[in-house]
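A short worksheet on the structure shown next.
The values are calculated or read from the model by the stated rules, or taken from the named source; none is laboratory data. Since this is a predicted model, take the numbers as computed values, not measurements. Cβ sites come from the backbone with ideal geometry, for glycine too, and all protein chains shown count toward neighbours.
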Amino acid sequence: MRKKIIAANWKMNQTIADAASYLDSFLLEVADEKRIDIVIVPPFTALAYVSERLSKVQHVKSGAQNMHWEKNGAFTGEISAGMIRELFARYVVLGHSERRTLFGETDEIVNKKTKAAIAATLTPIVCIGETLAERDAGQVEQVLHTQLTGSLAGIPAKELADVVLAYEPVWAIGTGRTATPEQAQEAHAYIRKVLAEISDAATAEKVRIQYGGSVKPGNTGALMGQPDIDGALVGGASLVARDFAEIVKISA
Ligand code: PEP
């Protein structure tokens, strides 16, 4: 049985003051939701604060939204995996579609980052997903196959088992348009099939695959009821503590 994992991607939102009042109510709301892993992914400026607050809560961890693959050096504006780990954050989101489309991240870059995250004992949440044009052209499987084999190249099965994947169809992110539970399940089942090809069936069964794309309290139940959907990566709806707590409770 895979334990569900629900993550809040705050993107470039929430000051430290916002995070403080959010956590005051959110942590009370989810105090009893211990059957599920919960991850808060704030902007870097609030990561130390959020990580410190969560250090006293077993089932809620923090994560970063990005990182550089090198340990240190002349990379102005970048943050390394070790720096994130120093804050006691446990996760890092890699290859989000906004990083891929707005900041030119390729599968090769995502692969380097994934390996560096694992080496620093951070759990990567690796995002993949097709655009609307690719879906309309019947290329969903081809796109997912390329992203998976590229982003996860050279990662041994033992380490791959602990990587979290997020299937996020680009056309569903921030658009209010969610994949139907059937569309999401179909993609997740395919992703698991590719994982078995690049590692083995037992490893593929262990990998947790989140769905992301306009997840809200109203559509969470049907999505989480699918056999290959193991959680959610939530953007917009995670900015309201009560909504995100509701998503967590429905998923648990
Ligand atoms: C995301 O950014 O990962 C995301 C899924 O956003 P939203 O929930 O707003 O679609």
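What is the residue count in segment 32-45 for residues that are farther than 25 Å from Ala252 by Cβ and either small (Gly, Ala, Ser) or out of contact with any strand residue (DSSP E or B) (no Cβ under 7 Å at 6 or more places or on another chain) (or both)?
Total meeting the criteria: 2.
Kindly provide the set of residues from segment 172-190 that are within 16 Å of the ligand (Cβ to nearest atom) and either modelled with pLDDT of 95 or more or not aliphatic (A, V, I, L, M) (or both), ordered by number.
Passing the criteria: Gly174, Thr175, Gly176, Arg177, Thr178, Thr180, Pro181, Gln183, Ala184, Ala187, His188.
So, of the residues in segment 136-147 that are surrounded by fewer than 17 Cβ atoms within 10 Å (Cβ to Cβ) and either of a type outside the set (A, V, I, L, M, F, W, C) or within 16 Å of the ligand (Cβ to nearest atom) (or both), which turns out to be nearest to Met83 (Cα to Cα)?
Restricting to residues being surrounded by fewer than 17 Cβ atoms within 10 Å (Cβ to Cβ) and either of a type outside the set (A, V, I, L, M, F, W, C) or within 16 Å of the ligand (Cβ to nearest atom) (or both), the top hit is Thr146.
Restricting the first residue to segment 12-27 and requiring it to be of a type in the set (D, E, K, R), which pairs with a second residue that is surrounded by 15 or more Cβ atoms within 10 Å (Cβ to Cβ) meet a Cβ separation below 8 Å and a spacing of at least six or different chains?
Within 8 Å, the pairs are Asp18/Ala46.
For segment 119-135: of the residues being more than 17 Å from Thr146 (Cβ to Cβ) and surrounded by 19 or more Cβ atoms within 10 Å (Cβ to Cβ), which is nearest to the ligand (Cβ to nearest atom)?
Ile125
Tell me which of these Val248 doesn't satisfy, since it passes every other one: (1) outside any strand (DSSP E or B); (2) within 11 Å of the ligand (Cβ to nearest atom); (3) under 15 Å from the mean Cα position of the chain (by Cα).
The single condition Val248 does not satisfy is (2).
Taking only segment 204-220 into account, find how many residues are assigned to a helix (DSSP H, G or I) and either within 16 Å of the ligand (Cβ to nearest atom) or buried (at least 20 other Cβ atoms within 10 Å of the Cβ) (or both).
Qualifying residue count, segment 204-220: 5.
Within the set of pairs 6+ apart or on separate chains, which have a first residue in segment 114-125 that is modelled with pLDDT under 95 and among the hydrophobic types (A, V, I, L, M, F, W, C), a second that is surrounded by fewer than 23 Cβ atoms within 10 Å (Cβ to Cβ) and not in a helix (DSSP H, G or I), and C-beta atoms under 7 Å apart?
Pairs found: none.
Restricting to segment 92-113, count the residues that are assigned to a strand (DSSP E or B) and either of a type outside the set (Val, Ile, Thr) or touching a residue at least 60 places away in the same chain (Cβ under 8 Å) (or both).
2
Regarding Tyr190, is this residue surrounded by fewer than 19 Cβ atoms within 10 Å (Cβ to Cβ) and of a type in the set (Phe, Trp, Tyr)?
yes
Take segment 102-117 and flag every residue that is among the β-branched types (Val, Ile, Thr) and more than 15 Å from the chain's Cα centre (by Cα).
Thr106, Ile109 - these are the residues of segment 102-117 that are among the β-branched types (Val, Ile, Thr) and more than 15 Å from the chain's Cα centre (by Cα).
Hey, does segment 87-102 have a residue that's over 20 Å from Ala8 (Cβ atoms), in contact with a helix residue (DSSP H, G or I) (Cβ under 7 Å, 6 or more places away or on another chain) and within 16 Å of the ligand (Cβ to nearest atom)?
no
Condition first: β-branched (Val, Ile, Thr), away from the ligand (no atom under 11 Å from the Cβ), assigned to a helix (DSSP H, G or I) and touching a helix residue (DSSP H, G or I) at 6+ places or on another chain (Cβ under 6 Å). Can you find one or more residues in segment 225-242 that meet it?
Checking segment 225-242: not a single residue is β-branched (Val, Ile, Thr), away from the ligand (no atom under 11 Å from the Cβ), assigned to a helix (DSSP H, G or I) and touching a helix residue (DSSP H, G or I) at 6+ places or on another chain (Cβ under 6 Å).
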